[in-house]
1. Restricting to lysine pairs 8 or more places apart or on different chains, what number in chain A have Cα atoms under 19 Å apart?
2. Hey, got the Cα dimensions of chain B along the principal axes, in Å, largest first?
3. Restricting to DSSP H runs of at least four residues, report the calculated mean residue ellipticity at 222 nm for chain A, -39500 (n - 2.57) per run over all residues, nearest 500 deg cm²/dmol.
4. Got a sec? Charge dipole of the protein assembly as shown, +1 on Cβ for Lys and Arg, -1 for Asp and Glu; which of A:Gln137, B:Gly51, A:Leu27 is way out at the positive end?
5. Let me have the relative contact order for chain A, percent, based on Cα pairs under 8 Å that are six or more residues apart.
6. Springs between alpha-carbon pairs under 10 angstrom, Gaussian network model over chain A: which of A:Ile44, A:Ile53, A:Ile14 fluctuates most?
7. At 0.692 mPa s and 37 °C, plugging the Kirkwood radius over alpha-carbon pairs of the range B:62-147 into Stokes-Einstein gives what diffusion coefficient in µm²/s?
8. Rounded to the nearest angstrom and ordered from largest down, what semi-axes does the equivalent ellipsoid of the protein assembly as shown get from its C-alpha gyration tensor (root of 5λ)?
2 protein chains.
Amino acid sequence: MNSQQLENLVHKEIPITKALDIRIDELRNQSIRVTAPFETNKNIHNTAFAGSIYTVATIAGWSLVSNLASNLALEGSVVLAKAEVQYKKPINGDIVAQCEIQEQSSLETFVSSFKRKNRARLNLIIDVVEDGVIKAQLNANFALVGH
Amino acid sequence: MNSQQLENLVHKEIPITKALDIRIDELRNQSIRVTAPFETNKNIHNTAFAGSIYTVATIAGWSLVSNLASNLALEGSVVLAKAEVQYKKPINGDIVAQCEIQEQSSLETFVSSFKRKNRARLNLIIDVVEDGVIKAQLNANFALVGH
């Protein structure tokens, strides 16, 4: 998929993401950047809302795993099993969530596990950044569940 | 505050909560129930979206702490510092998040700490329930930061 196709998929699979105005900004095979505008997701204190920060980060992970599965012809649904989020500093502008799979071995284990058991898990760290600083971080565990 | 006043405050402070159609369903001094309708927050697989589940649970905690602070005349902003969420089972209907402060001592520590340092933290467990079963659980750490 390209970024526009993946964005369309996200909006179709999870309609509320349109209300948050979530966009797939950049997509590579093992990395992604997902954004949402400040105006739509700010609170009265003029900082980004914690729930929106979490949701944008979650969508980054979900989209990256969905795209990987599609590219590798692994047919299944991507489900978030658990997550930990840390809010380090307030965000005063657009929400920008980035994720990159750096350990090739974790991806290989994920793929071989899915091929063997029709089910596999992948742990991702998603950074929410502003002006080069990590303002929030999500540690999320996704499952790909075969049909 | 009563539940309607608190709901109005949530919608005013965090406008995106209106798009998710988040409602304060029941409010007592030390407990709260917050809901959001299935239709608005479902995904294509006909289960509630993980991001919406998290957000409704977060709003339950945020609202309960805001109401407590208001009742106790502690002036400050309620900020979510970190959270852990576990998705145990799919939710096939409305999102219903419940939270009750059961340990009186944690509340007393929170109040005395705020009075001394103009800043205090409170840890809350928020259950997301359906048909009497806990389908997801949020362990969230809120800070009340004095003005």
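Just so you know, all these numbers are worked out from the coordinates, no wet-lab data involved. Since this is a predicted model, take the numbers as computed values, not measurements. Using ideal geometry, Cβ is built from the backbone for each residue, glycine included, and neighbour counts are taken over all protein chains shown.
1. On the way: A:Lys18/A:Lys42; A:Lys42/A:Lys88; A:Lys42/A:Lys89; A:Lys42/A:Lys135; A:Lys88/A:Lys135; A:Lys89/A:Lys135.
So the count works out to 6.
2. Answer, in whole Å and largest first: 50, 28, 23 Å.
3. Values: 5 runs with 55 residues, N = 147.
Rounded to the nearest 500, it is -11500 deg cm²/dmol.
4. It is A:Gln137.
5. Working: 286 pairs, mean separation 37.5, N = 147.
It comes to 25 percent, rounded to a whole number.
6. Maximum among the listed residues: A:Ile44.
7. Details: Rh = 13.8 Å.
Value of D from the Cα-based Kirkwood radius: 237 µm²/s.
8. Numbers: eigenvalues 218, 78, 62 Å².
Result for the protein assembly as shown: semi-axes of 33, 20, 18 Å.
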